[in-house]
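Down below is the structure, laid out as structure tokens.
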């Protein structure tokens, strides 16, 4: 038996606002990041105010589900709360970092090195050290509720170094200030480098280093990578979302393999394509060359040759 229109419910449950608003906001941030209008360190601020999502969800449940007018009021309140939190957090970002640590380890006779860096949210800048007796030398500025764990040893001419950031507070809601890693690695020893990053902005200038292997894994960020020119190297770069710029020094031969999703690619005209691989003209006969694997979900990849 068909029911009349009068028997139908006069109301229906309204959908929540938090999910759609969150998706739109994240899309806007990614767009501004990729166009250069907004720095990637905005993610530091966003991560520090994540409890605002709980407040927004509460407002939505309390007011937004009741009526169309309630949804409008909830939307205004959510926007106001998020804007206020961003304003406070942005002001906190101008404060100095919670603390800084000097990182300095001697070679101790090492001729090879295995280096692992593990960062949660930070700006990382890494370059080579020439004519130095140190394996690594630099500074790390940490945020509130964060500490640096260190491990270093030399065995049979091989140095092993691990630096990792650890969150010491149970809920990472403190305004962190600027988190920055500024390190130099010895250019005269063979280095295998492993970098694990959550969110951040990265500058890796490896041009003068004896790099044999690089494994870079990140969630969201902006990466500028200058490839090594003094040794044959394997470089594997994996990211969820990001903006990637690869600088190929003059005289360096490279093979690039793409395993990507929604990604815009830009490569020099002289690169030759074979399937998923792109080659410089002299790659096949070169002794010192770089094999580069790029695994990126969403973003932009630009490869340039000096």
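Since every read-out is calculated from the coordinates, none of them should be taken as a lab result. Predicted, not measured: the structure shown is a model, and the values here were computed from it. Cβ placement follows ideal geometry from the backbone for every residue including glycine, while neighbour counts extend to all protein chains displayed.
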In segment 261-300, whose amide N lies under 15 Å from the spot 7 Å out along Cα-to-Cβ of residue 238? List them in ranges. 261, 293-298
Report the label-to-label distance for residue 134 and residue 32 in nanometres (one decimal), using points 7 Å from each Cα along the Cα→Cβ vector. 3.7
What spacing in nm lies between the two simple spin-label points modelled at residue 55 and residue 112, each 7 Å away from Cα in the Cβ direction? 5.4
For residue 264 and residue 284, extending 7 Å from Cα along the Cα-Cβ vector and measuring point to point gives, in nm, a value of 3.4
Length added when fully stretched, residue 257-residue 153, from 0.36 nm per residue minus Cα-Cα: 34.0 nm
Let a ≥ b ≥ c be the square roots of the eigenvalues of the Cα gyration tensor of segment 99-305; is it rounded (a/c under 1.5), or, if not, prolate (a/b larger than b/c) or oblate? oblate
Packing-ranked peptide list from 121-133, 151-163, highest mean Cβ count within 10 angstrom first, is 121-133, 151-163
With a Förster radius of 30 Å, plug the Cβ-Cβ distance of residue 194 and residue 274 into 1/(1 + (r/R0)^6) and report the FRET value to the nearest 0.05. 0.55
Please report 210, 239 as a ranked list, fewest other C-beta atoms within 10 angstrom at the top and most at the bottom. 210, 239
Just want the ordering: 111, 149, from fewest to most Cβ atoms lying within 10 Å of their own Cβ. 149, 111
